[in-house]
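> I am attaching a structure below and will ask some questions about it afterwards.
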Amino acid sequence: METLARLPGDLLKYYLDGGPVMHMISVLSLFSVTAIIYKMVVFFRVRTNLNEFISKVRGALLKGNVKGAIEVCEQQRGPLGAIIKSGLLKYGSPRQEIEKTMENAAIHEVAYLEKYLTVLATITNIAPLLGFLGTVVGMILSFEIIALHGLNNPGLVAKGISVALLTTAYGLIVAFVTQPFYNYFTSKVTSYTRQIETAANILFETFDEMDRMGSTKA
């Protein structure tokens, strides 16, 4: 219990001992946490049941009810609904024109899903480098102590080296926390991209079925 009680004070001491570089890494950690929370909210909001959504769209289209299919898309939050809606609004146009419209919509929506991923990737790379920078600076200061006092006080030198290593530890911790989230969000973007491709293919197949059935635009 006593150790736990001292832990906050010890952590603060280690932080302050690490020097100015610790503050720079802390700024990166704040950016990381902010980006992670933002991305979690975004992916929670755009979650989609692909099978249910595309079934509703197909059901409306096969009845010739294009407006009904558009309404289904408008009720669907997220990129999938917006992209399929862009194709439905062009129904009756040449296939290449519909594809081009949907591709443009997909570029915009995927860019929204990828927003701030570069921030997380950058933090993953820079945080350890800042930690190493702090360590190098600390080692330089330790060698200056040796130059001034020689090896008569090894404890002082060892303390300087241990303090220098604190920045490396802190930078690695920030990177270790950030990297898994970056990988997870990247996999989510890939998953949504595949859903978009699948939904687009099904939409064009449905258009072909409508043409064969002689469904009319409604």
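> Counting Lys and Arg as +1 and Asp and Glu as -1, what is the net charge of the other residues whose Cβ lies under 11 Å from the Cβ of GLU114? Walk me through the intermediate numbers first.
On the way: positive: LYS39, LYS115, LYS188; negative: GLU109.
Summing Lys and Arg as +1 and Asp and Glu as -1 gives +2.
> Mind checking the alpha-carbon convex hull of the chain and giving the volume per residue in Å³? Numbers along the way, then the final one.
Values: hull volume 29.2 nm³, N = 218.
Here the figure is 134 Å³ per residue.
> As a test question: what accessible area, to the nearest 10 Å², does LEU166 have when a 1.4 Å probe is rolled over all protein chains in place?
Answer for LEU166: close to 40 Å² accessible.
> Kindly report the accessible area of the stretch 60-189 per residue (heavy atoms of protein chains, probe 1.4 Å, no ligands, DNA or RNA), in Å². Write out the running numbers ahead of the final one.
Numbers: 7280 Å² over 130 residues.
Heavy-atom SASA per residue in the stretch 60-189 reads 56 Å².
> Take the chain, connect every pair of alpha-carbon atoms lying under 10 Å apart with a spring to form a Gaussian network, then pick out the residue of PHE143, PHE185, PHE176 with the largest mean-square fluctuation.
Sorting by GNM fluctuation, first place goes to PHE143.
> Quick one: which of LYS39/LYS100; LYS13/LYS39; LYS63/LYS90; LYS67/LYS188 span more than 25 angstrom between C-alpha atoms?
On the way: LYS39/LYS100 28 Å; LYS13/LYS39 33 Å; LYS63/LYS90 18 Å; LYS67/LYS188 30 Å.
Distance filter (> 25 Å) returns LYS39/LYS100; LYS13/LYS39; LYS67/LYS188.
> Could you check how much of the accessible area of the chain is carbon and sulfur, as a whole percent, using a 1.4 Å probe?
Numbers: 8290 of 12970 Å².
Of the solvent-accessible surface of the chain, carbon and sulfur hold 64 percent.
> Which residue, GLU99, GLU197, GLU144, has the most motion in a Gaussian network model of the chain that connects Cα atoms within less than 10 Å?
Per the Cα network of the chain with a 10 Å cutoff, GLU144 tops the list.
> I want to verify the translational diffusion coefficient of the stretch 21-112 in µm²/s; compute it with Stokes-Einstein, Rh as the Kirkwood radius over Cα pairs, at 10 °C and 1.306 mPa s. Intermediate results must be reported in sequence, preceding the final value.
Working: Rh = 15.3 Å.
For these conditions, the coefficient is 104 µm²/s.
> Still on this structure: Could you check the simple spin-label distance between ASN183 and ILE140, using points 7 Å along Cα→Cβ, in nm with one decimal?
3.5 nm
> Can you list the HN-Hα couplings for the stretch 170-187, worked out from phi with the Karplus curve (6.51, -1.76, 1.60; θ = phi - 60°), rounded to whole Hz and with x for Gly and Pro?
After applying 6.51 cos²θ - 1.76 cosθ + 1.60, I find 5, x, 5, 4, 4, 5, 4, 6, 6, 4, x, 5, 4, 4, 5, 5, 5, 5 Hz.
> Going from most exposed to least, what order do TYR112, TYR192 have by accessible area with a 1.4 Å probe?
The ranking, largest first, comes out as TYR112, TYR192.
The values are calculated or read from the model by the stated rules, or taken from the named source; none is laboratory data. Computed from a predicted structure; not experimentally measured. A quick note on method: Cβ atoms are made from the backbone with ideal geometry, for glycine too, and the neighbour counts reach across all protein chains shown. The area values use the complete protein model at the heavy-atom level, side chains included, leaving out ligands, DNA and RNA. Shrake-Rupley method; radii C 1.70, N 1.55, O 1.52, S 1.80 Å.
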